Amino acid sequence: MGAVIHSAPLVMPVSRPPVADGAVAVRHGCVQAVGSRRDVLASHPGAEEIRWPGMLVAGLVNAHTHLQFTRMADVGRRVYSTFEEWSGAFDAVYFSSAGADWASAAREGALLALRHGTTAVADVVTDVEAVPVLAETGLAGISYLEVLGDTDTSWAQAGRHRLATHVHELGDSAAIGVSPHAPYTLDTGVLADLAILTRAFGLRRHIHLLESAHEREYTVSGTGPIAQLVRDLGFDFEILRVGGTGHGPVAFLDSLGLLGPQCHVAHGVHLDASERALLRERGVSVALCPRSNRTLGLDGPPVAALLDEGGPIAVGTDSLASSPSLDLLEDVRLLRDLAREQGYRAPDLSRRLVEAATAGGARALGLSAGPGRIGSLAPGSRADFAVFSVDPDGRDPYDALVADGAGRCVATVTGAGRAGRVHLADSTAEVRRGC
Ligand SMILES: [Zn+2]
């Protein structure tokens, strides 16, 4: 099969400046060349060309979602005043969902994500039936097997064996990681063991961190609304028994060996300066999910500070159980507004946020290097991109994409399999193309 050339009035590879009248040559689901349309056509004589309108952009990476909760959108449509209030509403629906078809729900979520230009996800999977969905739909990324609600005792009796079995059964056929849910939903010994197990298995980690304003009080002193939530769920964790660790959540996770470049965290709404510094030092990316935070009545994350300090960031939607849509560019636009409100004045804001939603997500998932790398368009990367009907009309292309890109994806192409796949936003059809 020869190469297929995808051209557009503007190509945004992310790893290099935007190219007006640009093109990407693709073969076997892999990028062969990126550049001006003229040059790419000249170096691939006889290749089929597909001419797209608008902007052709490196595929978006949703660095925090739960695709299996796509049918729980009723929970996400309500408005809450605290994280704990939302958590109660979520649990009431989730725990009454016995027998739910999580695989089908996750498949719906995957197709929604694709239709909004997302080509890779960090998908937190609570019920393992949802794991095969990424491979089935052509999404790149990692299915993070979620671990929560284990005391040290239940972990030793069953939880550890259950996770090891899932890793053994799924690890060969899917890209998996492990998500120790949060510092307050697992006992201290379980968190410490997960640091060891994930290293032994060579698996990446993904953790919810500082989403609630009360998480710090819980790890420091074992008190407050989160402590009450944990008690109400019936867990007698060590932190409750000994009156806390004396450490905030970031230092607590670090003391257990959970932080490091193999780990990324979600939310970070309440990170203080010293915690941001420690995450930066450990190479931990923070996936910001501002629309989900807003649904839960939370402040926005400290995006201006993270940008100023140079900490690695990515962008996530979270699930439809806490967010209005899986359109990642909606979160990017809100991050732009929050950064400005928080005092970020540099003219590179849109570019850095687009980078966070692409290359930043790839870095968070450990997929920014090596064969099949994602997050930018360059020779050797997976041919993952999205087309947006956005006209810069004299504006900086990044500013135009951030301002107008949400809701304007017309097609998404992934390099899945040898042939690659094209998802058209206005159709449920999936078109396979030879290349
Ligand atoms: Zn989440």
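The values are calculated or read from the model by the stated rules, or taken from the named source; none is laboratory data. A quick note: this is a predicted structure, and the numbers were derived from the prediction, not measured. Backbone-built Cβ (ideal geometry, glycine too); neighbour counts: all protein chains shown.
Among the candidates 292, 274, the residue that is surrounded by fewer than 18 Cβ atoms within 10 Å (Cβ to Cβ) and either within 16 Å of the ligand (Cβ to nearest atom) or part of a helix (DSSP H, G or I) (or both) is uniquely 274. Look at segment 293-321: where a residue is in the same structural domain as residue 214 (by TED's automatic domain parsing) and a partner is within 16 Å of the ligand (Cβ to nearest atom) and among the charged types (D, E, K, R), sitting 6+ places away or on another chain with Cβ atoms under 6 Å, you get 315/331; 317/331.
Within the span defined as segment 244-252, every residue fails to be assigned to a helix (DSSP H, G or I), at negative phi and among the polar types (S, T, N, Q). Of all residues in segment 401-414, which are surrounded by fewer than 21 Cβ atoms within 10 Å (Cβ to Cβ) and over 16 Å from residue 7 (Cα atoms)? 403, 404, 407, 408, listed by residue number.
Of everything listed in (1) surrounded by fewer than 22 Cβ atoms within 10 Å (Cβ to Cβ); (2) more than 16 Å from the ligand (Cβ to nearest atom), the single unmet condition for residue 385 is (1).
Being assigned to a helix (DSSP H, G or I), away from the ligand (no atom under 16 Å from the Cβ) and closer than 24 Å to residue 87 by Cα is true for just one of 353, 335. Which residue is that?
Values: 353 fails: closer than 24 Å to residue 87 by Cα.
On inspection, the qualifying residue turns out to be 335.
Does residue 174 satisfy being modelled with pLDDT under 95, in contact with a strand residue (DSSP E or B) (Cβ under 7 Å, 6 or more places away or on another chain) and not basic (Lys, Arg)? Spelling it out, residue 174 is indeed modelled with pLDDT under 95, in contact with a strand residue (DSSP E or B) (Cβ under 7 Å, 6 or more places away or on another chain) and not basic (Lys, Arg).
Which one of these is polar (S, T, N, Q) and either out of contact with any strand residue (DSSP E or B) (no Cβ under 8 Å at 6 or more places or on another chain) or modelled with pLDDT under 95 (or both): 43, 81, 36? Criteria check complete, one pass: 81. Annotation note: Cβ proximity below 8 Å between a residue of segment 205-220 that is more than 16 Å from residue 291 (Cα to Cα) and within 13 Å of the ligand (Cβ to nearest atom) and a residue that is assigned to a strand (DSSP E or B) and hydroxyl-bearing (Ser, Thr, Tyr) (sequence gap 6+ or interchain) occurs for 206/144; 206/179; 207/179. If you go through segment 307-325 and keep only what is under 17 Å from residue 263 (Cα atoms) and more than 9 Å from the ligand (Cβ to nearest atom), you end up with 311, 312, 313, 314, 315.
Which of the strands (runs of 3 or more DSSP E) contained wholly in segment 1-82 include at least 1 residues that are under 30 Å from residue 286 (Cα atoms) and either in contact (Cβ under 8 Å) with a residue 24 or more places away in the chain or under 28 Å from the mean Cα position of the chain (by Cα) (or both)? Break it down stepwise before answering.
Numbers: elements: 4-12, 19-27, 30-36, 48-51, 55-58, 60-65.
Those strands (runs of 3 or more DSSP E) span 4-12, 19-27, 30-36, 55-58, 60-65.
Residue 93 - would you say it is over 30 Å from residue 422 (Cα atoms), at pLDDT below 95 and in a loop (DSSP other than H, G, I, E, B)? Reasoning before the result, please.
Details: over 30 Å from residue 422 (Cα atoms): yes; at pLDDT below 95: yes; in a loop (DSSP other than H, G, I, E, B): no.
No: the conditions fail for residue 93.
Considering every residue within segment 356-378, establish whether at least one is over 17 Å from the mean Cα position of the chain (by Cα) and not in a loop (DSSP other than H, G, I, E, B). Looking for residues that are over 17 Å from the mean Cα position of the chain (by Cα) and not in a loop (DSSP other than H, G, I, E, B), one finds none in segment 356-378, hence no.
Of all residues in segment 88-99, none are surrounded by fewer than 18 Cβ atoms within 10 Å (Cβ to Cβ), in contact with a Gly (Cβ under 6 Å, 6 or more places away or on another chain) and closer than 18 Å to residue 320 by Cα. Does at least one position in segment 63-86 carry a residue that is under 21 Å from residue 405 (Cβ atoms) and of a type in the set (A, V, I, L, M)? Yes, segment 63-86 contains at least one residue that is under 21 Å from residue 405 (Cβ atoms) and of a type in the set (A, V, I, L, M). Just to be sure I understand, how many residues within segment 163-204 are farther than 15 Å from residue 131 by Cα and either basic (Lys, Arg) or within 16 Å of the ligand (Cβ to nearest atom) (or both)? Residues meeting the conditions: 9. All conditions in (1) part of a helix (DSSP H, G or I); (2) under 16 Å from residue 191 (Cα atoms); (3) of a type in the set (Asp, Glu) hold for residue 281, with the sole exception of (2).
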